[in-house]
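Below: the structure, in C-alpha cells.
Readers should treat all values here as calculations from the given coordinates under stated rules, not as data from a laboratory. The structure presented is a predicted model; accordingly, all values stated were derived computationally and were not measured. Here the Cβ is made from the backbone with ideal geometry for all residues, glycine too, and neighbour counts use every protein chain on show.
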Amino acid sequence: PRLTQVEAEKLNKLREAEEIVMALKDQIDSAIASQRSQEFYDLDQYMENLKIMDVWLDNILAPYYPSQLTVIGSQMQFSPYSSAEVIDSFNHPEENFFYDLYQQWYLPGILQEDIDIFGISITSVEQIISGLTLAYLVKQNRPEIHITVGGSVFTKLVDRLENDGSPLFNFVDSFIVHEGETPLLRLVEHLRGDGDLSKVPNLIYKQDSKVKVNRPFAKEELNALPTPDFDGLPLDLYLAPERVLPVMGSRGCYWEKCAFCSIPFDHMNFHVRYAENVVDDFKTLQEKYNCNHFFFTDEALPINFLRTFAAKIVEEKSDVQWTGELKFEKSLLKDDRMDLLYKSGCRKLIFGLESYNQRVLDSMKKGVELSWVDETAERCMKLGIAMHFYLICGFPTETPEEAMDSI
C-alpha cells in the first residue's frame, strides 16, 4: 500500500537517524561529560554540547516522529491546551514518547513501592502531557493509589475544572491549587484517617459525580515552613559542574499592576519569608547538600528583603553565589545596595524590562523609568553582575519604531 506523506516522512527520518545516532555515539557521552566539567563555563563548548544533545535527541526519538524532544522542551501534535487531545495522546504511544519512557524506566520502580498517595507537580504548559501521562499510567496499573496533581498550571484552570466536569478526573483523584505544603499534608492525614476531603484546603476533587472545590483558598505562613528538602533527587546527574538549588524569599508579586501579567491569577496576596530564615535556609542547604549556588524562585525579589538578606549573608561570611528576578526600582540604587548584593554573592540578576520605550512601559503599567534601567545596568556591569532582560515585542499600541528601541 502507498505510504501517506507523514508515513513517508517518518520512514526517511528513521533512515537518516540510524546513521546519525551511530555517528554521535561517542560524541554524546563526551558532550554530557563536558557539561559536568569546567568546560561548562566555555560558552562555545557549552553551545556545541547543546547542539550535539539536540541532534541526538531528535534522532534517537525518530520512531516517535513527528514528536520532538530538545534540551529545553518537547513538541507533539497533541495540544496541551485541550483535555481531549491530552487524553488522546495516551492512545498514541507511537507519538507520545513519554508513554514508553515511563513504561520502561520509571513505572516498574513506582509500582514496586508500597504507596497509597502519588503526587505530581505540573508548573508549566510543557509539562502537562508528560505529567498527566504518568498519572494515567499509574492509575491504570494501581487504581487504588490516590493521585494528586499540584502546580501553578491548574491554579489558573480552577473554573475549567469546576464547571466542565473535566475528564481528567478519570485518572486524577484531586488537584491542589495555589500553595500546597499544608494542603498536601492535610490530604495525607485525611486519606489515612477519616477520608473527609472537604477538610483539605485548596483541594479540587470529584465526589458523587460532582466536582468539589474547597474554598476559600488558603495561603501559607511562609515563616512556619521548614527549609526545603531535596533528599532523593539525583543532584549529580544534572548537566552542570556545580549543584544549584532553588530557594524562596517570597510568593506572589508585590507590584501586581503589569497590564500583561498572569501572576495575580495563580498567587494569593504577596507575602514574604523573613530574610533571617532564608539565610538559615542557605546555610542548611549548603551544609546538607554541599551546595554553594542558589536560585531565588521569587517572581520579583523585594528590595528591602534583599537589603536585609544580603547584609546578613555578608555578616556571616557565607560563601555562596545566587541569582534572582527583580523589578527595576529606584530604591535599588540607593546608598551602596548593589555593592552589598555583590558582596553577598549575587552574580546575576534577571529583570523584567519588557520594553526600552517609556511610553510603552507606561502603557504596561510597569512603574519604571528608563533612567533607573540605565543606572542599574551601568552598576551591574561595573560590579560584575550579569544581567538577563525579559522583553515583550508587539505589546498593543507599540509601533515598529518603539519596538526597535528595545532591540
How far apart, in nm, are the 7 Å Cα→Cβ label points at residue 237 and residue 391? 3.8 nm
Which parts of region 205-247 would a label at residue 181 reach, counting a residue when its backbone N lies under 16 Å from a point 7 Å out along Cα-to-Cβ? 218-231, 246-247
Using the Cα centre of the chain as origin and beta-carbon charges of +1 (Lys, Arg) and -1 (Asp, Glu), tell me which of 21, 200, 69 is placed farthest towards the positive end of the dipole. 200
Cβ under 10 Å from residue 300's Cβ, residue 300 left aside: what net charge do those residues give with Lys, Arg +1 and Asp, Glu -1? -4
Please list, or write none, the lysines whose alpha carbon is within less than 17 Å of the alpha carbon of residue 51, excluding same-chain residues fewer than 8 places away. 25
Highest mean first, how do 52-62, 16-26, 225-235 rank when packing is the count of other Cβ atoms within 10 Å averaged over residues? 52-62, 16-26, 225-235
Cysteines in the chain that, by Cβ-Cβ distance, have no pairing candidate under 4.7 Å: 253, 291, 346, 380, 393
Under 26 Å between alpha carbons, and skipping anything fewer than 8 positions from residue 334 in its own chain: which lysines qualify? 257, 312, 317, 343, 348, 365, 366, 382
Return the ratio Rg/(2.2 N^0.38 Å) for the chain, where Rg is computed over Cα atoms only. 1.10
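Based on the Cβ-Cβ distance of residue 274 and residue 4, what FRET efficiency does E = 1/(1 + (r/R0)^6) give at R0 = 56 Å, to the nearest 0.05? Please report the intermediate quantities before stating the final value.
Working: r = 62 Å, r/R0 = 1.10.
That gives a FRET efficiency of 0.35.
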At R0 = 51 Å, how high is the FRET efficiency between residue 207 and residue 19 if r is their beta carbon distance? Nearest 0.05 is fine. 0.40
Karplus (6.51, -1.76, 1.60) ³J(HN,Hα), θ = phi - 60°, over region 60-76, in Hz, Gly and Pro reported as x: 5, 9, 4, x, 9, 3, x, 5, 9, 9, 10, 5, 10, x, 9, 9, 9
Would you list which lysines come within 22 Å of residue 206, measuring only between C-alpha atoms, while excluding same-chain residues fewer than 8 positions from it? 139, 156
Compute, for the chain, the length of the dipole vector about the Cα centre, with Cβ point charges of +1 (Lys, Arg) and -1 (Asp, Glu) only. Units Debye, rounded to 20. 780 debye
Phi-derived 3J(HN,Hα) across region 147-164 with the Karplus relation (6.51, -1.76, 1.60, θ = phi - 60°), rounded Hz, x for Gly and Pro, is 9, 10, 10, x, x, 5, 4, 7, 5, 6, 10, 4, 4, 5, 5, 6, 8, 8
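Suppose R0 equals 25 Å; then what is the FRET efficiency for residue 117 and residue 290 from their Cβ-Cβ distance, rounded to the nearest 0.05? Mind showing how you got there, number by number?
On the way: r = 31 Å, r/R0 = 1.23.
E(calc), rounded to 0.05, equals 0.25.
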Please arrange 182, 70 by how many other C-beta atoms lie within 10 Å of their C-beta, fewest to most. 70, 182
From the residues 227, 166, 302, which one has its Cα farthest along the dipole of the chain in the positive direction, the dipole being from +1 and -1 charges on Cβ of Lys/Arg and Asp/Glu about the Cα centre? 302
Between residue 271 and residues 5 or more places away or on another chain, the pairs with built amide H atoms under 5 Å apart involve 251
Gyration tensor over alpha-carbon atoms, region 112-214, equivalent ellipsoid semi-axes in Å: 18, 17, 14
